[in-house]
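Here the structure comes first, spelled out in structure tokens, and everything after it is commentary.
FYI, it's all coordinate maths here, none of it is from the lab. Because the structure is a prediction, the values reported are computed rather than measured. Cβ placement follows ideal geometry from the backbone for every residue including glycine, while neighbour counts extend to all protein chains displayed.
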Amino acid sequence: AQSVTQLGSHVSVSEGALVLLRCNYSSSVPPYLFWYVQYPNQGLQLLLKYTTGATLVKGINGFEAEFKKSETSFHLTKPSAHMSDAAEYFCAVSDRDRGSTLGRLYFGRGTQLTVWP
Amino acid sequence: SAVISQKPSRDICQRGTSLTIQCQVDSQVTMMFWYRQQPGQSLTLIATANQGSEATYESGFVIDKFPISRPNLTFSTLTVSNMSPEDSSIYLCSVVLVAGELFFGEGSRLTVL
């Protein structure tokens, strides 16, 4: 089975600072890769995904992530944090070559982002 | 995208009782899943809800504890049976609309006393 590691369960940044949330996966075959955001008392919302093509993926709210196969990483970044970015962020992977498990995601443990004024 | 509605959004239940959570999607979807998010934890897949047949459960989850129905392509229910405080979690319904991409409902927050 896949495993997903998110380094740092809590990340704190000042408003306007760079946001970097780290994610590494275990598969030897590049999977589909996702970042989801969960605001307090809400469900999960897809920020961005990588399936194929360009390795730098842009998502909503100014976030982007880069797939690095050599590092088995898919770190999430945003150049300038905003107060409204405070939320929990989940990295997830899905097997690429197993049609019967399409949509079955393996999630990291999440990173809580705090943004200070 | 799709509109995924879950009911109830939250509930407080007594130990030993059962609760059924409903998931309604505003379009027909082939693949529907139920996830659990325990306090401070990540999401864990409980089962795949199959239309017209028995759900497919992940390791550690059994039908007697989490019976699932999927009568059509827009609706599913998850029952949490004989609840204990360890069942206190957020239960999320999710669907696949685009290959490999999951959309989630807002979740049902369950507290068991």
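Counting, for every residue in A:105-112, the Cβ atoms of other protein chains within 10 Å of its Cβ and taking the mean gives 4. The mean count of C-beta atoms from other chains within 10 Å of the C-beta of residues in B:43-49, rounded to a whole number, is 3.
Roughly speaking, what is the centre-to-centre gap between segment B:65-109 and segment B:34-63 when only Cα atoms are used, to the nearest Å? A separation of 7 Å, based on Cα centres. Under a straight-distance cross-link criterion of Cα-Cα below 16 Å, which aspartates and glutamates are reachable from A:Lys78, leaving out those fewer than 8 residues away in the same chain? Those aspartates and glutamates meeting the cut-off are A:Glu15, A:Glu64, A:Glu66, A:Glu88.
Which value in nm describes the separation of the simple spin-label points at A:Asn41 and B:Gln22, placed 7 Å from the Cα toward the beta carbon? Rounded to a tenth, the inter-label distance reads 2.2 nm. Rounded to 0.05, the FRET efficiency of the B:Arg10 and A:Glu66 pair, given R0 = 35 Å and the Cβ-Cβ distance, is 0.40.
For the residues of A:56-69, the average number of beta carbons from a partner chain within 10 Å of their own beta carbon is 0. Max-minus-min Cα coordinates of chain B on each principal axis give 38, 25, 22 Å, with the largest extent listed first.
When A:Met83, B:Met83, B:Met32 are arranged by Cβ crowding within 10 Å, least crowded first, meaning fewest neighbours, the order is A:Met83, B:Met83, B:Met32. At what distance in angstrom do the alpha carbon centres of segment A:52-80 and segment A:6-22 lie from each other? Using only Cα atoms, the two centres lie 15 Å from each other.
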